[in-house]
1. With the Cα gyration tensor of the stretch 1-151 giving a ≥ b ≥ c as the square roots of its eigenvalues, does the rule (a/c under 1.5 for rounded; else a/b larger than b/c for prolate; else oblate) give rounded, prolate or oblate?
2. Along its principal axes, what span do the Cα atoms of the chain show, with the longest given first and each in whole Å?
3. Could you tell me the accessible area of D239 in Å² (1.4 Å probe, neighbours in place), rounded to the nearest ten?
4. If you look at just the Cα atoms of the stretch 119-259, how large are its Rg and its Dmax in Å?
5. Hey, what do the phi angles of the stretch 59-75 turn into as Karplus ³J(HN,Hα) couplings, whole Hz, using 6.51/-1.76/1.60 and θ = phi - 60°, x for Gly and Pro?
6. Plugging the Kirkwood radius over Cα pairs into Stokes-Einstein for the stretch 194-341, at a temperature of 10 °C and a viscosity of 1.306 mPa s, what D comes out in µm²/s?
7. Of the options V196, H221, L61, report the single residue whose Cα projects farthest towards the positive end of the charge dipole of the chain (beta-carbon charges: Lys, Arg +1; Asp, Glu -1).
8. Considering only DSSP beta bridges whose two residues both sit in the stretch 119-259, what percent are antiparallel, to the nearest 5?
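The values are calculated or read from the model by the stated rules, or taken from the named source; none is laboratory data. Everything numeric here is computed off the predicted structure, so don't read it as measured data. For neighbour counting, all protein chains shown are included, and Cβ atoms are generated from backbone atoms with ideal geometry for every residue, glycine included. Protein only, heavy atoms only, side chains kept; ligands, DNA and RNA dropped before computing areas. Shrake-Rupley method; radii C 1.70, N 1.55, O 1.52, S 1.80 Å.
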Amino acid sequence: MTNYNITLLPGDGIGPEITEVTKSLLNAVCKRKNINLNFQEMAFGGNAIEKENNPLPIETLEQCKKSDAVLMAAIGDPKYDGIARELRPETGLLRLRSELKLFANIRPVKVFNALLDESSLKKEIIKEVDLVVVRELTGGIYFGEPKGRIQTKEFGERAFNTMSYSTNEINRIAKIAFELANERKKKLCSVDKANVLDVSQLWRECVTSIGNNYQQVELSHQYVDNAAMQLVRQPNQFDVILTGNLFGDILSDEAAMLTGSIGMLPSASLGEDGPGLFEPVHGSAPDIAGKNLANPIAMILSAAMMLRIGLKEIEAAESLEKAVSSVLLKGFRTNDLTSKNLDQKIGCLEMGQKILDELQEI
Ligand code: IPM
Ligand code: MG
């Protein structure tokens, strides 16, 4: 029996519902592979603000640091929109990423054949889409200094952030992206705004120079506005997309829609060493929380990424992914995945149960 310590961060909104479903599936798949996952649930985000007035309590951070992997659901609620930035749930997530030094965010975007008709884009466009967004996660405008708000005499209040990247930050994320591209279709598109921004000029120079060590990988560059357009025009031109923190945030939401719903997209955030953080790309969807309407698949697929990348339990990861794919092929859909009034439209818990049934068959 192999044992792993997993810190579980259910968070807010739909977070607890999708966590319950994911946990039972993880238990089922691991039991059959003789793996024991020891879950520690910790307060994080809005619920931690309620309990401790801190979105990332120190015990939560310590627990994350000493675990083998961290699995998170979603955080945030509009009721915190007005509070000080340091106390917002999102600030807790940014601090967690930064404290664990998770500079590489990997967001695979793969269209399931079963969902070809569910996308808002035509099926000829999204057919065969299988790309990965590699987003730099601990730098750029999210963390750049100086930042803040000041009162000016002349113009009233002024607010500012700084988009900055150093050579080291760009090089280390570029290497991750080139390595990934090398294992895949050997195509890497780096996305920046080098026609306008100094920071992007440096980005492009560094990526190009790292590319010299990966001659077998075809490197291209796109400006972010063009990339946003290309993603909906001809998404299967992409294999690996490498980009900075803010552009990656925006493009990965856009790319998510190629798969039919943002409720489908998992992610892994990784550092040089230490535990990775695995989380869906979507948010906490407070409007549907507690109604059994959420799609748990992004979190289930994030759990599969945790098994594969974080714990190197490839077989368990594959079983989980296969079970998801079979349930979709059988036509079962959560609300976000279909606009039709299907008999096979099911809730979060039922989706979990269907995937569990499927797991027993594999
Ligand atoms: C994401 C989210 C986060 C981000 C928020 C919740 C801080 O949108 O993971 O894409 O902007 O990185
Ligand atoms: Mg985002």
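1. Values: a/c = 1.77, a/b = 1.15, b/c = 1.54.
Judged from the Cα gyration tensor, the stretch 1-151 comes out oblate (a/c at least 1.5, b/c at or above a/b).
2. Sorted from largest, the Cα extents of the chain read 61, 49, 44 Å.
3. Rounded to the nearest 10, that gives 0 Å².
4. Cα only, the stretch 119-259: 16.7, 56 Å (Rg, Dmax).
5. So the Karplus estimates, Gly and Pro as x, are 5, 5, 4, 4, 4, 4, 4, 8, 9, 7, 6, 10, 10, 10, 9, 7, 9 Hz.
6. Details: Rh = 17.8 Å.
In µm²/s, the coefficient rounds to 89.
7. Of V196, H221, L61, it is H221.
8. Working: 5 of 19 bridges.
In the stretch 119-259, approximately 25 percent of DSSP beta bridges are antiparallel ones.
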